[in-house]
């Protein structure tokens, strides 16, 4: 070896890679060769004896590790999500890892040379493959979420988007003209919501639509269901509380009449999944999903929508498990209260929308504590799939008054009870019944307990469909720390509503009716207005429907509809009047195929006339016709 003439050589760095320059030739050696030249005193290199010139390069005996880092370009129109590889040395110095393909097993970080840890590149390659990523670079939202989900099982993923709200897709615009099957008008923020939902659907992802009550979550979902893609897709499934199934059917018929819908509910529902496939949208209840789970799992649903999705907040319940087992391209959880009690509520919703996003439940509960710090840590992880707008944030896009008529469905048992009363009324009064003949039916629609004197507990009272729906609304209003007025003609009903509010929520709740001394009424309103948190007033529209100014309330519920529209409109004006600085949401609850639906149609017709304030019930032919139609309306099955 000593007789071989040494060749002059020197180290050089090109693109963070250490090379050897020998004459006019530049060679990239392997890490083992560099070790031999630097640390073992070996001067032979590939059959040549080298005389290496000293240089300003330091060499580490300890390896560098690789991390896959996810990040976002905030100025990019497409959301700008991407990933790159970063190398980190022993001294915590780091540098971007250059070209991925064909990269040697070593690199420079500053002036320090490092060998790569054994298997470092293979580990990063495996992570990329598991997320469906061919190479470092741009990421789809699905790939991004998959990589974030993988962080729970590997320390080799870094997240430079931490603490930032990631909402790609809102920049990806769709035109309303694409909604050829949709007949409604979207407010600007609703159009944003539809575009965001469409983006996630095209990405093959689900979502949590968590807009505050009154912002039109239902219409945004219908716009999505009416998007052009549905024409060549499988049916979609809407799962909702039994009471709201008919409301969904009617809302779809109103805003997207071309969509073929079917309510799968009741004793006569089909047991063959093929009977459901011809429809665009199937509407069913949570309990039916549990009972018919094996049949529902035979359909590859295009979209599964969970309305009032807080119903699956407990992941251990049968309904929650049944919902998560539904095959779907996209799952959308719709709720105004994504977190009611604990952060695990949000885990359950997110696991339905994007399975595995937050890892398994036990690891999630260890990682995120039920406090402000835990919520702050969790927020950026769910932001990409959760849209949450408040009324106060989009107030400029809203009308001063938001009307939400909500048709409810009686349960089978309730419908049978209603039908008995209806037939007894016809038998008693015959074909030319006076308005008083409708009293028992209208009282039943408020609550069956009003027809007898037995004592009902609060839990028993909440077993009735309409009262249960009222307190679902109250849940959401109180979760937002807002106030609500409930109008009902029946004092016993008002007393029960107030008692449930006091006992179940511990809030200020009171009634104003004809028995309330006039001098005390404004005092109660002042106390209600002075409350810093949620509160409830249950008012008789005839006693408290005029004269009072209750602008502290942002929600008004008409629990039972009035025969005269002037009474209802004057009642709504208690909150929606001069001095009110926020939009007021007016909820009108009524049962379909019942006396209440006829009353609602009458109110609509009368409001189309001028001078509604002078409309009375004087026994005109029109009044008698309405009474007759009310007695003929029946919720009994027509199958």
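So here's what we get for this one:
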{"read-out": "Filter result for residue 274 (modelled with pLDDT of 90 or more, surrounded by fewer than 19 Cβ atoms within 10 Å (Cβ to Cβ) and touching a strand residue (DSSP E or B) at 6+ places or on another chain (Cβ under 8 Å))", "value": "no"}
{"read-out": "Positions within region 587-634 being touching a helix residue (DSSP H, G or I) at 6+ places or on another chain (Cβ under 9 Å), modelled with pLDDT of 80 or more and surrounded by fewer than 22 Cβ atoms within 10 Å (Cβ to Cβ), in sequence order", "value": "588, 592, 593, 597, 601, 634"}
{"read-out": "Residue 208 vs. criteria at negative phi, buried (at least 16 other Cβ atoms within 10 Å of the Cβ), part of a strand (DSSP E or B) and at pLDDT 85 or above", "value": "yes"}
{"read-out": "Within region 422-519, helices (runs of 4 or more DSSP H) holding 1 or more residues that are within 21 Å of residue 562 (Cα to Cα)", "value": "439-446, 465-479, 491-505"}
{"read-out": "Residue within region 284-293 that is in a strand (DSSP E or B), in the same structural domain as residue 389 (by TED's automatic domain parsing) and crowded, with 18+ Cβ neighbours inside 10 Å present", "value": "yes"}
{"read-out": "Selected residue (only one of 345, 373 is part of a helix (DSSP H, G or I), on the phi < 0 side of the Ramachandran plot and over 20 Å from the mean Cα position of the chain (by Cα))", "value": "373"}
{"read-out": "Filter result for residue 315 (touching a helix residue (DSSP H, G or I) at 6+ places or on another chain (Cβ under 7 Å), modelled with pLDDT under 95 and part of a loop (DSSP other than H, G, I, E, B))", "value": "yes"}
{"read-out": "Members of region 253-278 found to be in contact (Cβ under 8 Å) with a residue 60 or more places away in the chain and farther than 20 Å from residue 224 by Cβ, listed by number", "value": "266, 267, 268"}
{"read-out": "Leading residue by the ranking (modelled with the lowest pLDDT) among those in region 226-239 that are crowded, with 23+ Cβ neighbours inside 10 Å and not in a loop (DSSP other than H, G, I, E, B)", "value": "236"}
{"read-out": "Residue check, residue 333 within 25 Å of residue 153 (Cβ to Cβ) and touching a strand residue (DSSP E or B) at 6+ places or on another chain (Cβ under 6 Å)", "value": "yes"}
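Listed here are the residues, each with its yes/no results for (1) modelled with pLDDT of 85 or more; (2) under 24 Å from residue 63 (Cβ atoms).
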| site | (1), (2) |
| --- | --- |
| 111 | no, yes |
| 117 | yes, yes |
| 126 | yes, yes |
| 129 | yes, yes |
| 133 | yes, no |
| 138 | yes, no |
| 144 | yes, no |
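The values are calculated or read from the model by the stated rules, or taken from the named source; none is laboratory data. Predicted model, so just to flag it, every value in this text is computed and none were measured. We place every Cβ from the backbone using ideal geometry, glycine too, and count neighbours over all the protein chains shown.
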